[in-house]
Every structure is written in structure tokens, then in C-alpha cells.
Amino acid sequence: MNIAATNYTPKIFLDRDKNVFEIEGESRPENVYDFYLPVINTLMIFFENLAENIDNKQDTNTTFRANFKLIYFNSSSAKFIADILNIFKLYNNKKGIDFKIYWHFNEDDDDVKEAGEELSEMISLPFNYVMVKE
């Protein structure tokens, strides 16, 4: 999955070989459901296959890295970002996948950092916070 960023939607990238997911930019799509639903469906299929490969011992790389590099997201996007994080929670350890979530924020943007802290608390998964200096 490789979705290019626009003025209203973030770049979204899933590297299936390296077990890396990245979302970067602004998220304020006109139709948030149409934008995020394919992403959520792709992630569900990916993790189900990854968990199956772990069960069958075909895959030993069970660490998954997620990078959130959002500079702005509206409240509609926040719901779908939480849905993505809940998918991570569903597959975290229970299915044999260890998630490392990195929440990037600009050093002068307390709102994005606080949003990450709230999401982390809401889904009960720890985030690693990465301050980006401009």
C-alpha cells in the first residue's frame, strides 16, 4: 500500500516485507470514510496473514513498526486513526506481533503530542514520542 499525500490527505505506506506502516502529513479528507476504509481493510488482511504465518512458523519477524507523522488531523480523521490503532491492539502480542508505535510531533506543537498521549491511553498501547526540531 502506497498512497501519495495530497493537500487534504496523508501519505500512507505499508512495507509488507519490513513490517512498517507510516502515515504522514495532514488528514482532513472530504470523505474520511472513503479514504480510510481501504486502509483499514488492507491492514486487517495484512495482520491476519502475518498472524497466520507466525502460527505456521513461516515468519519469525514479528515486530511491527508504526510511524505516525501527522502535522494536523481533524476530528473525523481521529476516529479512523483510533480504528487503525485498535487494529494494532487486537494483534499486539495476542497474535504474536509486537508493535512499536512512534508518534512524531513538532517541538512547538503540543496539540499533536497531546493527541498522541490521549490515543495511547485510550487504546492502552504505549507510544514512543519523537520530537522533531524544525
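Read-outs: derived from the displayed coordinates by stated rules, not from any lab. This one's a predicted model, so the numbers in the text were calculated from it and none came from an experiment. When we count neighbours, we look across all protein chains shown, and the Cβ atoms used for this are built from the backbone with ideal geometry, even at glycine.
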Checklist entry - Among the listed residues V132, V112, which satisfies the condition of being surrounded by 14 or more Cβ atoms within 10 Å (Cβ to Cβ) and among the β-branched types (V, I, T)? => result V112
Next on the checklist: Of everything in region 49-83, what is touching a strand residue (DSSP E or B) at 6+ places or on another chain (Cβ under 8 Å), aliphatic (A, V, I, L, M) and in a helix (DSSP H, G or I)? Give them in sequence order.
Outcome noted: L50, A51, I54, I81
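Tell me the residue from V112, V130 that is farther than 21 Å from M1 by Cα, of a type in the set (V, I, T) and in a strand (DSSP E or B), please. Before you say what the answer is, go through the steps one by one.
Numbers: V112 fails: in a strand (DSSP E or B).
Exactly one residue qualifies, and that residue is V130.
Inside region 84-106, can you point out the residues that are among the hydroxyl-bearing types (S, T, Y) and assigned to a helix (DSSP H, G or I)? Reasoning before the result, please.
Of region 84-106, the ones among the hydroxyl-bearing types (S, T, Y) are 91, 102.
Passing the criteria: only Y91.
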Item to check | Any hit, region 8-15, residues being assigned to a helix (DSSP H, G or I) and loosely packed, with under 15 Cβ neighbours inside 10 Å | outcome: no
Checklist entry - In region 30-38, is there at least one residue being assigned to a strand (DSSP E or B) and under 17 Å from N86 (Cβ atoms)? => result no
Checklist entry - Across region 13-63, what is the total count of residues that are of a type in the set (A, V, I, L, M) and over 16 Å from S76 (Cβ atoms)? => result 8
Checklist entry - Out of (1) within 24 Å of S75 (Cβ to Cβ); (2) small (G, A, S); (3) assigned to a helix (DSSP H, G or I), the odd one out for A5 is which? => result (3)
Next on the checklist: Take the residues in region 27-42 that are within 14 Å of the chain's Cα centre (by Cα) and of a type outside the set (A, V, I, L, M, F, W, C); name whichever of them is surrounded by the most Cβ atoms within 10 Å (Cβ to Cβ).
Outcome noted: S27
